[in-house]
1. Which of the residues that make up the range 216-256 are touching a Ser or Thr at 6+ places or on another chain (Cβ under 9 Å) and aromatic (Phe, Trp, Tyr)?
2. Quick one: which of Pro229, Pro265 is surrounded by fewer than 18 Cβ atoms within 10 Å (Cβ to Cβ) and under 30 Å from Pro117 (Cβ atoms)?
3. Just give me the residues in the range 33-83 being of a type in the set (S, T, N, Q), at pLDDT 85 or above and touching a Ser or Thr at 6+ places or on another chain (Cβ under 7 Å), in sequence order.
4. Kindly evaluate Ala223 against the criterion of being closer than 21 Å to Asp261 by Cβ and not assigned by TED's automatic domain parsing to the domain that holds Ile154.
5. Name every residue in the range 199-258 that is in a helix (DSSP H, G or I), in contact with a Phe, Trp or Tyr (Cβ under 8 Å, 6 or more places away or on another chain) and over 24 Å from Leu173 (Cα atoms), in order of residue number.
6. Restricting attention to the range 66-83, report how many residues are under 17 Å from Met35 (Cβ atoms) and under 28 Å from the mean Cα position of the chain (by Cα).
7. Only one residue in Ser168, Ser128 is closer than 26 Å to Leu221 by Cα, at pLDDT 80 or above, part of a strand (DSSP E or B) and among the polar types (S, T, N, Q), so which one is that?
Amino acid sequence: MPSEPGQGAKPSSSRVRCVFEEPPSGEKSGHGELMPFTLELGDGGPPLWGTLRRSPRSKRIRLIVDERGLTVTVPPSFRFKNNLTPLLEKHLAWILRSVDRVSLRAKERGRYPVTLPDHITLPALGESWAVELVPPEDCPAGRRLRLSAQGGVIRLSRAATQAEALRSLRTWLRLRARAALPPLLRELAAEFVGPDAVARVFVKELKSRWGSCSSRRNINLNARLLFLPPDLVRHVMLHELCHLAEMNHSSAFYARLNAMDPEAPRHIAELRTAWRLIPAWAAEPL
């Protein structure tokens, strides 16, 4: 990846705006002062998180895009309040191309994206949510999530850092899954194995499984099931319900599963690649 934009980068016609965050008290690095900022795009796209690094040893401006976001290293004489926005607007096309490349590699490795999503689709529930950044007063600091979600819109505090915003979205995802998935499981339990067959239902961010069932008749479900289509979610739940009678994957287990889900072979095959349906921001445990 280039450390700075090419000389041929064309200025973008989109208007951009840099919003500086308050850096942690006294935060420094071995390369100078760090100043976090958010780059808001005039076309309504998701914002980019950046860091301005003022380095005493720097004699020229360097732009770097990696999985941490955009880093702008400048000499101490750089007048960031006047010059940073025009600089980034001039090289916006290069920045966005670099963000796309880094985001693609990050998604392939299951790492965090450079940007937040501008919308979230939950096929399991047939829901679609827009993601907006709003002034901090619209998301009171006392709220653990630093976001509000209603009417199909998730509003995140603009004062949140990238890490805080991602954590808030991940917490919201778990809470949404905990509200929605257990009732679906218990409906299926009542239909196939009896209303009292399941002891407790837990929803977690499981690392490698869509669900699990314990000998105590407790069932764990992966919060990321919300990103799967309803038929696959149903199959996963039926799979775990079958374990209440067969705590193995024997022929008896699959006979029971096929009786409950006649499309089980197809669903099993689709689940092998279903992890690709998980968006990058929700792919790896925090």
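1. Result: Phe227, single match.
2. Sole residue among the options that is surrounded by fewer than 18 Cβ atoms within 10 Å (Cβ to Cβ) and under 30 Å from Pro117 (Cβ atoms): Pro229.
3. Ser55, Thr71, Thr73
4. No.
5. Cys242
6. Total meeting the criteria: 6.
7. Of the residues listed, the single one that is closer than 26 Å to Leu221 by Cα, at pLDDT 80 or above, part of a strand (DSSP E or B) and among the polar types (S, T, N, Q) is Ser128.
The values are calculated or read from the model by the stated rules, or taken from the named source; none is laboratory data. For clarity, every value in this text was computed on a predicted model and none was experimentally measured. Glycine also receives a Cβ, built like all others from the backbone with ideal geometry; neighbour counts cover every protein chain displayed.
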